[in-house]
Amino acid sequence: MKLVDLIANFRHGKSFEDFCREQSLHTEAEVVEIYAKKPVSLESQLGFFPIEETEGQAEFLSDGIEYQTLFDFFYFLDVIKEWKGNETLEDTELAQNLLSYALKDA
């Protein structure tokens, strides 16, 4: 799944609980972090890991795949909530903005 796919799912009604169930993530994790497969771009596949597993590392290795952190799911959900129903910004544009934030400002 790419960032634009994740955005589209949540802008169009997917719940965090349903997503976690589909991804076999435990909803009782303190924080679920969103990582992108390196090298990071809009085309990168995402990985979702509980902070208990990543220990908040900026870079994380899982099953031989190198990932770089983007942001935690709570931040992502706040952004989606803010933009849900606002069609002035396309999913791809929102993905680019989020990716730029993650790589430059976070």
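Since every read-out is calculated from the coordinates, none of them should be taken as a lab result. Just so we're clear, the structure is a prediction, and the values are computed from it rather than from any experiment. Positions of Cβ are generated from backbone atoms using ideal geometry, with glycine treated the same way; all protein chains shown enter the neighbour counts.
Cross-link reach is defined here as a Cα-Cα straight distance under 17 Å, omitting same-chain residues fewer than 8 places apart; for Lys81 the aspartates and glutamates meeting it are Asp5, Glu17, Asp18, Asp72, Glu90, Asp91, Glu93.
I'd like the distance separating the alpha-carbon centroids of region 74-100 and region 17-66, in whole Å. Distance between centres, Cα-based: 19 Å. Using the Karplus relation 6.51 cos²θ - 1.76 cosθ + 1.60 with θ = phi - 60°, the per-residue 3J(HN,Hα) values for region 19-32 come to 4, 4, 4, 5, 8, 6, 9, 7, 5, 7, 4, 4, 8, 9 Hz, with x marking Gly and Pro. Only the Cβ atoms of Lys and Arg (+1) and of Asp and Glu (-1) were treated as charged; on that basis the dipole of the chain about its Cα centre amounts to roughly 300 debye. Kirkwood radius and radius of gyration were both taken over the C-alpha atoms of region 1-103, and their ratio Rg/Rh is 0.94. Cβ crowding within 10 Å, taken as a proxy for footprinting-reagent exposure, orders Ile51, Ile7, Ile65 from fewest neighbours to most as Ile65, Ile51, Ile7. Within the same chain, lysines fewer than 8 places from Lys84 are excluded, and of the rest, those with a Cα less than 28 Å from its Cα are Lys2, Lys14, Lys37, Lys104.
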